[in-house]
Amino acid sequence: ARFSFTVLPPWYRTIWAYIAYLLAGVLLVIGIVKWYTRRLEKEKIRLEKIVQDRTKEVVKQKNQIEQQRDEIAKKNRDITDSIEYASKIQNAVLPDPEITEEILPEHFIFFRPRDIVSGDFYWIGQKNDILIVIAADCTGHGVPGAFMSMLGVSLLNEIVNKHEVSKASQILTELRAEVKRTLRQTGEEGEAKDGMDIALTMVDLKKKQLQYAGAYNPLFLYRNGQLVEYKADRMPIGIYIKEKPEFTNNVIDLQKGDTFYLFSDGFQDQFGGERGDKFKVKRLKEVLGEIQDNSMAEQKEILEKTYDEWKGD
């Protein structure tokens with residue numbers, strides 16, 4: 001006897017099952033792609049919103065910065081305008097060039113403020129037959145120094161014009177007392193130590209005699225091409241612990257051809273040269289010694305050229 005039969009595969013191994021598997025795989029891939037695409041779109045929208053928010057914030061900050069910049073620029077312009085106007089006032093209280101030329105024909109003034117207004121000043125005046133010439137260096141630069149210089153000019157006008165003065169040292173001693181009184185300097189801790197360094201000369205035109213007193217700033221005399229340096233007292237015009245009761249009064253008999261120089265420390269302290277060093281007093285003495293045969297106008301021109309070349313950029 002013969003019996004034929006066919007063993008059918010289980011349903012999950014039928015052709016229809018495989019087709020179903022394939023369709024399910026395709027649908028799964030499509031679903032994953034759509035889900036991922038949707039996620040990317042949401043992330044894109046979220047990022048775009050963040051970018052928009054940040055852009056708005058940046059624009060806002062930019063506008064604020066521009067506004068602040070404009071405000072600062074305006075304030076700077078206002079401050080600069082005020083300082084430039086203050087410079088005109090300061091220049092107005094300095095000696096009038098025409099009057100100076102009249103009472104002191106053979107002279108030059110080299111005045112080059114570091115800032116718009118200066119902490120250095122000069123003072124020239126005549127009382128009877130006495131000619132007074134001063135070069136001063138106040139504490140600080142710019143506006144603080146300019147305030148001190150205005151104070152110095154005002155006090156000198158009062159001391160010289162309203163009091164009888166016979167000695168150069170007397171003027172400095174009185175000026176020191178007035179500065180201390182005006183600035184309320186008593187030596188207590190924490191108070192202002194502002195003051196000034198000064199070289200002061202009094203020339204008696206009748207006696208042909210010069211008096212010099214100095215607070216830190218010396219006097220240079222060139223006689224027959226040789227330098228004679230008169231040292232200043234090592235104490236300022238202002239409060240000082242080791243101050244002496246009076247400044248030293250130097251008396252010099254004048255000779256024809258004598259040349260005198262008063263100055264602050266600006267020229268000698270100017271940085272420059274090949275190595276960026278200070279000009280220094282030694283070099284200043286050498287330059288002044290080399291130009292003794294030149295006129296005052298030529299000397300000023302040489303000093304200006306020397307200064308500019310040393311300063312460079």
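The values are calculated or read from the model by the stated rules, or taken from the named source; none is laboratory data. Remember, predicted model here, so these are calculated numbers, not experimental data. Reconstructed Cβ throughout: ideal geometry from the backbone, glycine too, with neighbour counts over all protein chains shown. Side chains are part of the model used for accessible areas, which takes the heavy atoms of the whole protein and leaves out ligands, DNA and RNA. Shrake-Rupley method; radii C 1.70, N 1.55, O 1.52, S 1.80 Å.
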Review point. About the Cα centre of segment 75-172, what is the dipole size in debye to 20, counting +1 per Lys and Arg Cβ and -1 per Asp and Glu Cβ, all else neutral?
Key: 360
Exercise for review: Let me know the volume per residue of the alpha-carbon convex hull for segment 229-313, in Å³.
Suggested key: 136
Check your understanding: Put +1 on the Cβ of each Lys and Arg and -1 on the Cβ of each Asp and Glu in segment 81-133; which of PRO95, ASN128, PRO113 then has its Cα farthest toward the positive end of the dipole?
Key -> PRO113
Review point. Of VAL287, VAL26, VAL165, which has the largest mean-square fluctuation in a 10 Å C-alpha GNM of the chain?
Key: VAL26
Practice item. Roll a 1.4 Å probe over the protein chains and send me the accessible area per residue for segment 1-127 in Å². Key: 88
Check your understanding: Of all GluC sites (Glu not before Pro) in segment 85-163, which ones are in loop regions per DSSP and have a Cβ with at most 14 other Cβ atoms within 10 Å?
Key -> GLU106
Practice item. Would you mind counting up the charge near LYS207? Only other residues with Cβ under 11 Å from its Cβ, with Lys and Arg at +1 and Asp and Glu at -1. Key: -1
Review point. Using a 1.4 Å probe on the protein chains only, how many percent of the accessible area of segment 224-297 belongs to carbon and sulfur?
Key: 47
Check your understanding: Full extension from THR182 to GLN67: what is 0.36 nm times the residue separation minus their Cα-Cα distance, to one decimal in nm?
Key -> 37.2 nm
Point to revise | Positive-end extreme of charge dipole, the chain - chosen from ILE171, SER4, TYR18 (charges on Cβ) | key: SER4
Revision key, fill the gap. GNM of the chain, Cα pairs under 10 angstrom: of GLN126, GLN68, GLN270, the biggest fluctuation goes to GLN68
**Study point:** Gained length - ASP277 relative to GLU57, 0.36 nm times residue gap less alpha-carbon distance
**Key:** 74.3 nm
Practice item. May I ask you to order 42-51, 210-219 by the average number of other C-beta atoms within 10 Å around their residues, highest value first? Key: 210-219, 42-51
Practice item. With +1 on each Lys and Arg Cβ and -1 on each Asp and Glu Cβ, and nothing else charged, work out how big the dipole of the chain is about its Cα centre, in Debye to the nearest 20. Key: 3160
Review point. In percent, what relative contact order does the chain have, based on Cα pairs under 8 Å that are 6 or more apart in sequence?
Key: 13
Check your understanding: Dipole magnitude of segment 251-299 about its Cα centre, charges +1 at Lys/Arg Cβ and -1 at Asp/Glu Cβ only, in debye to the nearest 20?
Key -> 180
Point to revise | Those lysines that a straight Cα-Cα span of less than 29 Å connects to LYS62, excepting residues fewer than 8 apart in one chain | key: LYS44, LYS49, LYS74, LYS75
